[in-house]
């Protein structure tokens, strides 16, 4: 399997909560490589790809931030009009459901980096690699 780990952090929806969470990561030299923040009326869900996911989870858990780790697929998507549509259509034609997606903070030359939370990871990984879509490996996170 070529998935990477995403850390989901549940945040109270009040001033300073996000700042405290990301400061804890910074203070412990954990680099955020991709980030998404969704909110509801009472809480937010911070989804991040970090340099050391298990260490980050432990630090945040120890500071009363509920967390969970989930495998996700991260792929290089051609950075051209229709590049994302090509990848999404591949998954759609195979009836692979995308629960959500978001982009990395930086990109590679000629490619955007996208994170996909997908029901059937192995099927998605096989489909994407068969169609010459490069998947980001856990070791790649360190060099981004």
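Laboratory data are not the source of any read-out in this text; all were calculated from the coordinates shown. Not measured: the values here are computed from a predicted model. Glycine also receives a Cβ, built like all others from the backbone with ideal geometry; neighbour counts cover every protein chain displayed.
Key figures
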{"read-out": "Neighbour-count order for 67, 129, fewest beta carbons within 10 angstrom listed first", "value": "129, 67"}
{"read-out": "Principal axes of region 7-144: Cα extent on each, largest first, Å", "value": "43, 33, 26"}
{"read-out": "Centroid-to-centroid separation of region 51-123 and region 26-41 [C-alpha atoms, Å]", "value": "14 Å"}
{"read-out": "Listed residues 119, 41, 12, most fluctuating in the chain (Gaussian network, C-alpha, under 10 Å)", "value": "41"}
{"read-out": "Which of 36, 143 has the fewest Cβ neighbours within 10 Å, and the rest in rising order", "value": "143, 36"}
{"read-out": "The chain - mean residue ellipticity at 222 nm from DSSP helices (-39,500 (n - 2.57) per run, n ≥ 4, rounded to 500)", "value": "-9500 deg cm²/dmol"}
{"read-out": "Size of region 4-70 as Cα extents on the principal axes (Å, biggest first)", "value": "30, 22, 18"}
{"read-out": "Selected from 81, 71, 53 as most flexible by GNM, with the chain as the system and alpha-carbon contacts under 10 Å", "value": "81"}
{"read-out": "Choice from 26, 34, 75 showing the highest fluctuation, given a GNM over the chain with Cα pairs closer than 10 Å", "value": "26"}
{"read-out": "Rel. contact order, % - alpha carbon contacts under 8 angstrom, at least six apart, region 71-143", "value": "41 percent"}
{"read-out": "Ascending count of other beta-carbon atoms within 10 Å, so fewest first, for 30, 45", "value": "45, 30"}
{"read-out": "Estimated Rh, region 71-143: Kirkwood, alpha-carbon pairs, angstrom", "value": "12.3 Å"}
{"read-out": "Nearest 10 degrees, 0 to 90: helix 53-62 Cα axis against the chain principal axis", "value": "30 degrees"}
